[in-house]
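Each value in this text was obtained by applying a stated rule to the coordinates, not by laboratory testing. Bear in mind the structure is a predicted one, so any value in this text is a computation, not a measurement. Virtual Cβ from ideal backbone geometry, glycine too; neighbours counted across all protein chains shown.
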Amino acid sequence: MIDRFPVILTTIERAVRLVSTARLRPPVLAGLVADDELQTLAEIEGATSERIVRQSRGASGISPMEFAAGVPGHSFINAAFAYSRPRGLNRFNGPSRGAWYAAFEVETSIAEVAFHLTRELDNIGVYETIVDYAELFASFAGEFLELRNLPDPQPECLSPDIEIAYPQGNLVADAARTRGLNGIIYPSARRKGGTCLVALTPHAVQSVAQGRVIRLMWKGTRTPERVFDPKA
């Protein structure tokens with residue numbers, strides 16, 4: 001499956017992932033309870049949070065031993081692998097296991113998240129929404145499958161057509177993970193010249209730090225406007 005693709009040993013000092021700021025907010029009930037009730041609130045959250053449940057028990061596609069602990073941003077790392085689309089595929093992961101998607105350039109990350117949210121708006125035919133995303137920076141090192149600058153024909157996993165790319169991409173990711181690779185570096189399908197990275201295991205994500213907030217606003221068209229640090 002992946003024998004024809006090169007594997008590189010590399011260090012990526014910084015790649016950016018965009019995460020909805022809704023995931024960064026404290027529990028909505030926190031302001032409604034006394035301090036001595038916060039432990040009870042935490043236990044309730046722990047019983048219902050998919051990330052916490054999967055982290056403690058594992059799931060069909062990931063072992064609890066794989067999750068990160070004691071490193072900066074470990075909750076963000078674990079959330080990326082605990083949460084997945086329950087009834088669908090992403091380019092390099094399926095319903096039973098998440099992945100950490102990032103890009104070398106923030107414009108590429110914006111193009112990627114905008115493409116997927118616009119697809120959701122296509123389903124209802126109304127392009128009116130506002131979403132705030134936070135930059136999460138991380139570093140990476142180790143062996144990665146290198147899918148940039150490949151000779152034609154390009155592998156199907158890089159196709160902009162998700163019906164073609166995503167099933168093949170999951171096969172490629174499974175093979176890369178079985179080989180012990182940390183992830184895949186590949187050209188963006190949503191921004192010409194952009195470079196994306198997917199980390200396939202939690203331990204591959206290091207030194208997570210939060211950056212700016214980026215607001216994307218759909219105002220009646222499929223192309224969103226953007227504002228950096230809207231509340232600054």
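Each residue, Asp122 and Arg222, gets one label point 7 Å from its Cα in the Cβ direction; the gap between the two is 0.6 nm. Both radii were evaluated on the Cα set of segment 51-159; the Rg over Rh quotient, with Rh as the Kirkwood radius, amounts to 0.99. Under the definition of Cα pairs under 8 Å and six or more residues apart, what whole-number percent is the relative contact order of segment 59-109? Relative contact order, segment 59-109: 32 percent.
Available extension along the chain between Thr10 and Ser159 is 51.2 nm, counting 0.36 nm per residue and deducting the alpha carbon span. The slack between Leu171 and Ala69, meaning 0.36 nm per residue of separation minus the straight C-alpha distance, is 33.9 nm.
In sequence order, segment 209-223 has phi-based couplings of 9, 8, x, 7, 9, 10, 9, 9, 10, 8, 10, x, 10, 6, 9 Hz under the Karplus curve 6.51 cos²θ - 1.76 cosθ + 1.60, θ = phi - 60°, and Gly or Pro positions carry x.
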